[in-house]
Amino acid sequence: MYFRNQSETGKLKQLASNPRLYRRRAMEAALLLPPPLAARGGVSIAIAFSVSRLPPAAAAAAGKPRKLAPPACRCRATPQWQLDFLGAEADTEADGGGDDDDLDLSLPAETNDWCVRARRSALRSIEARGLSPSLQRMVASPKKKNKKKKSKKTNLKQKKAAEPKPPRDTDDDEDDEEEADDDLEALLAGGGELDDLELRVAQFADGMFDEKRQRNREQFIQTLSAFSPAAPSNRSQEVSLNRSIVEARTADEVLALTAEVVAAVAKGLSPSPLTPLNIATALHRIAKNMEAVSMLQTHRLGFARSRDMSMLVGLAMVALPECSPQGVSNISWALSKIGGDLLYLPEMDRIAQVAITKVDSFNAQNVANVAGSFASMRHSAPDLISALTRRAAELVYTFKEQELAQFLWGCASLNECPYPLLDALDTACRDAPSFDCHLHDTVPGMWQSSDKEASSLKNSSNAYALNFTRDQIGNIAWSYAVLGQMDRSFFSGIWKTLSQFEERKISDQYREDMMFVSQVYLANQSLKLEYPHLDMCLRGDLEENLTKTGRSKRFNQKMTSSFQKEVGRLLCSTGHEWNKEYTIDGYTVDAVLVDEKLAFEIDGPSHFSRNLGTPLGHTAFKRRYIAAAGWNLVSLSHQEWENLEGEFEQLEYLRRILGFDAE
């Protein structure tokens, strides 16, 4: 604060006698007031926010104004982190004034750069509030510690890992800061990549958020470790919990039951009634109750991300090796219904590893459910499918119609051909004196029923009879078409059952009918184009009705993604006239050049497996079919497109794959 006349000498004496008031007025002068104007006729005293070496009374008695500067801003006493905070300009000024030890730096109002002045004012304010350590942690980059100290802390960590970790003491602030720094250093040294945003967030509020995340992780691990499969059991509690889970009517009720048990175990309940059987049953019942009410996908995903559900899935992964084959099958099926193709990627990898070790104990239902769950989640597992195929060939005579259709559909969806099972099916058809396939449906009057005939065939000693529904026929026909195995004897027997079909019952008002028509139509077109020598394609009114119904747009509305729109816009820059959404024998192609017989497909993420990025069955079948129709097909995947930077590079890539470079 500045005094310009002698009438304010009383205020000056008051400041000299009261150091606390003096420091307060000095801080206000440094932070809030503008620079003083030169006055001719008065006495001007400038007081800066600092603690001078001379006491205030001595400074006032000296008779000449003394400029007070904070020690933190002196060039030789300023730490490096403060120089980094003030910037390069402040560092230059400090270096320039380093010749004289007693030369104080100028006040913020008298420096040339307003940014440096603002930073210095902010620094003084932060120091006055005692927040310098927090600012130092945010500004200073993490430094590497000495090897000796690091090795010492590593030994301490190993000892702590061997002993049960005591709860954190909130009073030991220094120890917590050192542990947070060590964790951050270990993460960076161990290859964990932290971007700048995550690094700053981890340092907010003295590392409170990062510390909370570590505590939650430790608590989660401790809770999981409390559920040891080898622990003693309480049979009555296990049976009671299992009965309650089975009788629960909603997914929320099942999850609430398991959450209560988890909380009780955390408080000391032993042994835990959540055995591997009950864990698998709980997940299965949650998924089944979701299916019963046709829960929306958004609600399922929100349910799956809840704390209790995450804990239950974690328990299932821990108990998976101790589960029975039926338990592994139930967990796999449940995760596919709850998370769809968006969640549980590492969980499905673990299920695949465990299922391979137990595949010899699988029955036909387990084989079909596991294959179907991986297919519905677009999760490729070649080793698992190969093991399941081998097991399915051994169980060929025990498969039910639904299980057989589901397994074939799962293999075709993942583009994994089950050669051993196909060979076993052909052998069963040839060896059986009588082999018949029949159409059957639970709706009376919709299909020609042959229940009595099929039952009599099954009761005969050497008969191999199957009684399929409409949807099962469609799935099997589409699967053989995708796999390119339509010259098999088993498929021939399946295809002939369509002669029993009442074509007048097909309607374009139901999605199930349209799905069946689409599958049979594509299989029939494949027979025409790829297997004309078999002479098995449909003819007459049946083919006409299937074609007419398949052209309906009620359930065939094309959805154009932003990825397709972006690529389509650049296609116009290639200098050719493209026909968008062109139809080729039931398939819709994104863009074509009709005169040149060039077809261009833009394949998004749904065309590939989510973990390996390999083309799925329907994508491979479409590519093969369009190529067999005489078109030169060029495909662009979203993985390739994401690696390109800028429109110029994208356009050059399009011209190269389309063969337009020579033009």
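The values are calculated or read from the model by the stated rules, or taken from the named source; none is laboratory data. Quick caveat: nothing in here was measured; it's all calculated off a predicted structure. Every residue, glycine among them, receives a Cβ derived from its backbone with ideal geometry; neighbour counts consider all protein chains shown.
Residues being outside any helix (DSSP H, G or I), of a type outside the set (S, T, N, Q) and more than 18 Å from A287 (Cα to Cα): count how many of those fall in the range 337-377. The qualifying residues number 1. Take W641 and decide whether it is among the aromatic types (F, W, Y) and over 34 Å from the mean Cα position of the chain (by Cα). Against the criterion (among the aromatic types (F, W, Y) and over 34 Å from the mean Cα position of the chain (by Cα)), W641 does not qualify.
For L612, the criteria (1) surrounded by 14 or more Cβ atoms within 10 Å (Cβ to Cβ); (2) outside any helix (DSSP H, G or I); (3) at pLDDT 90 or above hold in every case but one, which is (1). Scanning the range 580-606 for residues that are at positive phi and buried (at least 17 other Cβ atoms within 10 Å of the Cβ) turns up nothing. In the set (1) farther than 17 Å from L414 by Cβ; (2) buried (at least 19 other Cβ atoms within 10 Å of the Cβ); (3) among the hydrophobic types (A, V, I, L, M, F, W, C), V359 fails one condition alone, (1). Once the range 312-345 is narrowed to residues that are in contact with a helix residue (DSSP H, G or I) (Cβ under 6 Å, 6 or more places away or on another chain) and among the β-branched types (V, I, T), the residue that is surrounded by the fewest Cβ atoms within 10 Å (Cβ to Cβ) is V318.
The set of residues from the range 378-412 being farther than 16 Å from I356 by Cα, in a loop (DSSP other than H, G, I, E, B) and in contact (Cβ under 8 Å) with a residue 60 or more places away in the chain comprises just one member, R378. When each of A591, A627 is tested for being under 22 Å from N524 (Cα atoms), without any contact (Cβ under 8 Å) to a residue 24 or more places away in the chain and not hydroxyl-bearing (S, T, Y), the lone residue that passes is A627. Considering the range 506-520, the residues that are under 22 Å from S479 (Cα atoms) and polar (S, T, N, Q) include one that is modelled with the highest pLDDT, namely Q519.
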